Amino acid sequence: EAWSIATRLRGRAEEAMALAQESLIIADDADGRARANNAIGPVYADLLEDREEARSAFETALAIPVSDRRIFVRASLNLGNLALGERDLRAARKAFLQASEVATAIDDPEGRVAAAHNIGLTYSFQNDPNGALEWLVRAADLDRRMGGTQQARIQLSISEARRALGERDAALDALSRARRAAETSGDSAALSTILLRQGDLYAAGGEIAA
């Protein structure tokens, strides 16, 4: 997909931008233009660290009337993640709720999972673990029904909310689920964090991690 250009070319900003801009030039319909702008946004945000240009690209993508509304969902998620990185939680939640609403309307399960997970994170950052859990558990249930590809990261987020509530055993249970999912999927980045969190919780309880 066009919106993965920045991910594929991480560290190669000029090449990534050239590809994204070329896709904008050759786009011959509204969907193509929206995809291209949504691809340009992460190049600005992730590779060039220019958040204002990234925001402008995402907002441009959102303003284009598209036939494939998954593009709108992805651009809303990107805009929300940009705001989340700036700890502008109100703007982030607004974008994620917008993504959730449209993803639900068009039956976009991947979009629904991502939106629910990210909405939960906005509550976590607001020190509202109960509000976070409502959305994180929803994300986990949705993801499980479509194959469980995001369970490692969602269960990790659930464990953090449980820990904030003082529910150590429930946090460890969530981490165990996260660890199994990360090992199964080969998500080494998530697994590293999961193992650290398990170690922290075991140490806090005077136990030795398995």
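The values are calculated or read from the model by the stated rules, or taken from the named source; none is laboratory data. Nothing here was measured: the structure is a model prediction, and the numbers come from that model. Cβ sites come from the backbone with ideal geometry, for glycine too, and all protein chains shown count toward neighbours. In case anyone asks, the SASA skips ligands and DNA or RNA and just uses the protein heavy atoms, side chains included. Shrake-Rupley method; radii C 1.70, N 1.55, O 1.52, S 1.80 Å.
Residues of the stretch 22-40 that are open to solvent by less than 80 Å² (accessible area, probe 1.4 Å) and either over 27 Å from D107 (Cα atoms) or part of a helix (DSSP H, G or I) (or both): S23, L24, A30, D31, G32, A34, R35, A36, N37, N38, A39, I40.
Taking the conditions exactly as written (touching a Gly at 6+ places or on another chain (Cβ under 9 Å) and crowded, with 18+ Cβ neighbours inside 10 Å), does S185 satisfy them or not? Give the derivation first.
On the way: touching a Gly at 6+ places or on another chain (Cβ under 9 Å): yes; crowded, with 18+ Cβ neighbours inside 10 Å: no.
Taking the combined requirement at face value, the residue does not satisfy it.
When you check A170 against the structure, is it touching a residue at least 24 places away in the same chain (Cβ under 8 Å), assigned to a helix (DSSP H, G or I) and farther than 27 Å from R55 by Cβ, yes or no?
Judged against the criteria, A170 is not a match.
Residue pairs whose Cβ atoms lie under 6 Å apart, separated by 6 or more positions or on different chains, with the first residue in the stretch 44-71 and more than 12 Å from A13 (Cβ to Cβ) and the second open to solvent by 50 Å² or more (accessible area, probe 1.4 Å) and modelled with pLDDT of 95 or more, are R69/I106.
Given the criterion over 21 Å from E110 (Cα atoms) and open to solvent by 70 Å² or more (accessible area, probe 1.4 Å), identify the matching residue among A170, A164. So the residue among A170, A164 that is over 21 Å from E110 (Cα atoms) and open to solvent by 70 Å² or more (accessible area, probe 1.4 Å) is A164. Exactly one residue among R138, R153, R144 is touching a residue at least 24 places away in the same chain (Cβ under 8 Å) and out of contact with any Lys or Arg (no Cβ under 8 Å at 6 or more places or on another chain), and that residue is R153. Looking at L48, is it of a type in the set (A, V, I, L, M) and within 27 Å of T149 (Cβ to Cβ)? No; evaluated as a whole, the condition is false for this residue.
Taking every residue in the stretch 13-36 that is modelled with pLDDT of 80 or more and pairing it with any residue that is among the hydroxyl-bearing types (S, T, Y) and surrounded by fewer than 17 Cβ atoms within 10 Å (Cβ to Cβ), at least 6 positions away or on another chain, the pairs with Cβ-Cβ distances below 8 Å are A30/S67; D31/S67.
I need every pair where a residue in the stretch 188-210 that is within 14 Å of D169 (Cβ to Cβ) has its Cβ under 8 Å from the Cβ of a residue that is modelled with pLDDT under 95 and open to solvent by 60 Å² or more (accessible area, probe 1.4 Å), sequence separation at least 6 or different chains. Partner pairs satisfying both residue conditions: Y202/I208.
For the stretch 190-206, the tally of residues that are within 26 Å of D128 (Cβ to Cβ), open to solvent by less than 70 Å² (accessible area, probe 1.4 Å) and hydrophobic (A, V, I, L, M, F, W, C) stands at 3.
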